[in-house]
Every structure is written in structure tokens, then in C-alpha cells.
Amino acid sequence: MLPKDKLLIWQILLPIIITILFACKSKDNTGNLYIYITANYRSSYTSVEIFLEKAQLLISCDSSFTHEVVINKSFDLMTLKDYNELIASIQHEFKGCYLEQIRLIVPRNGTVILGRDTFPLEVPSGAQTGLKGNVNKTLQQTESITLVFNLDNILIRAGNKYIMTPQLEVIL
């Protein structure tokens with residue numbers, strides 16, 4: 001049996017300790033953010049190849065910052081119709097933060113193959129600001145975001161090359 005003075009201390013400390021533990025648990029901001037890409041098209045391209053170097057997430061919490069995720073992978077967008085390719089899985093502490101935009105950095109030209117013809121694919125400012133998907137969402141514990149390459153809208157033929165406009169559709 002505990003002496004009265006120690007019992008009194010435990011009666012005071014135990015509720016404080018329990019409150020602190022539950023308070024810390026309820027403020028847990030960690031979660032998962034999954035970023036996918038997919039393609040939508042009616043066009044008859046044989047192949048549309050691009051290389052994605054990294055994803056940049058423009059986030060605002062107490063202050064604005066950019067979170068980067070390395071991808072370093074080539075994709076044939078024609079293989080992504082009706083399929084979501086996971087490009088980033090991020091364990092984060094962004095719950096309650098505002099995700100304004102995701103940028104996919106494309107450091108070099110890609111290619112478009114149409115039948116037997118191969119054309120260079122340029123992404124203006126691809127290495128600087130990249131392809132952009134406007135998210136504009138406050139993040140929850142777990143989020144899945146899909147960036148859609150709508151090839152019929154973003155690929156433009158310009159003589160002997162193709163140009164990809166930088167705006168991607170976003171599915172939340």
C-alpha cells in the first residue's frame with residue numbers, strides 16, 4: 001500500500017499524464033500521400049515518351065514551402081490509359097496543410113511516335129517549372145491524387161515536332 005503523500009501525488013499526476021498522452025496522440029499529423037499519373041486520349045499515337053525527374057509539391061502550412069520527391073523514370077503515356085501508375089508515396093506531416101500545386105519536372109525532350117514517324121516532344125519550361133496540376137486542397141491523413149495527361153488537349157503538333165502544354169488535370 002502506498003503512503004498517503006505518494007498516493008496523493010499519483011492521483012494528481014496520473015490524470016495529467018493521461019491527458020498529455022491523448023493530446024499528443026490526437027495531434028498526430030503523419031499520414032500518407034499517394035501521387036498517380038494516368039493518360040486519357042482518343043488519338044492514335046503509337047508512343048508518347050516522357051522522362052519525369054521529380055515531383056514538386058507547393059504546400060502551405062505555417063509558411064509556404066516546396067517538398068520534392070525524386071522519380072527519375074521514363075513513361076510511355078500510351079500505356080497508361082485506364083491505368084494509374086504510382087509515381088510517389090510520401091509519408092508526411094502535412095495534415096491540415098494546403099496543397100496548391102504539383103509540378104512534374106521534365107528535364108529533357110521526349111518523343112512522339114505516330115505510325116513509323118518519330119517526332120521530338122518539347123515541354124516548354126519543363127526543366128524549370130514542369131507540368132502543373134492545380135490541386136488546391138487541404139490535406140487529410142491519407143490522400144490519393146491522380147494527375148491526368150489528357151493527350152488530346154495537351155499535345156500540339158508544330159511542324160516537325162510536338163509541344164506539350166504544361167497543364168494537367170487533377171483527380172482527387
Output wanted: per-residue J couplings in Hz (rounded whole) for segment 58-70, from phi through Karplus 6.51 cos²θ - 1.76 cosθ + 1.60, θ = phi - 60°, x for Gly and Pro. 8, 10, 10, 10, 6, 9, 8, 7, 10, 9, 10, 10, 6
With θ set to phi - 60°, apply the Karplus curve 6.51 cos²θ - 1.76 cosθ + 1.60 along segment 149-162 and write out the HN-Hα couplings as whole Hz, x wherever there is a Gly or Pro. 8, 8, 4, 5, 9, 9, 9, 10, 7, 10, x, 9, 8, 10
In segment 91-172, the GluC sites (Glu not before Pro) that sit in a DSSP loop and have at most 13 other Cβ atoms within 10 Å of their own Cβ are Glu93
What are the ³J(HN,Hα) couplings of segment 83-96, residue after residue, when phi is run through the Karplus curve with 6.51, -1.76, 1.60 and θ = phi - 60°? Round to Hz, x for glycine and proline. 8, 9, 9, 6, 10, 7, 10, 10, 7, 9, 10, 9, 3, x
Using only Cα atoms, what Kirkwood radius does segment 61-172 have, in angstroms? 15.6
Roughly what would the spin-label model give for Lys81 and Ile156, points 7 Å off Cα along C-beta, in nm? 2.4
Amide H contacts under 5 Å for Val135, restricted to residues at least 5 apart in sequence or on another chain and with H modeled in the peptide plane, are Gln101, Ile102
Would you list, by chain and number, the aspartates and glutamates whose Cα falls below 19 Å from the Cα of Lys73, excluding same-chain residues fewer than 8 positions away? Glu49, Glu53, Glu85, Glu122
Based on the Cβ-Cβ distance from Glu68 to Ile113, what FRET efficiency comes out when R0 is 30 Å, to the nearest 0.05? 0.45
How about segment 29-107: which chymotrypsin sites (Phe, Trp or Tyr not before Pro) there are in a DSSP loop, with at most 10 other Cβ atoms within 10 Å of their Cβ? Tyr83
Under 20 Å from Lys95, Cα to Cα: aspartates and glutamates that are on another chain or at least 8 residues apart: Asp28, Asp62, Glu68, Glu143
Extension gain (nm, one decimal) between Gln140 and Thr30, 0.36 nm per residue minus Cα-Cα: 38.7 nm
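A short reminder: the numbers here are calculations on the coordinates, not readings from a lab. Quick caveat: nothing in here was measured; it's all calculated off a predicted structure. Note that we place each Cβ from the backbone using ideal geometry, even for glycine, and neighbour counts take in every protein chain shown.
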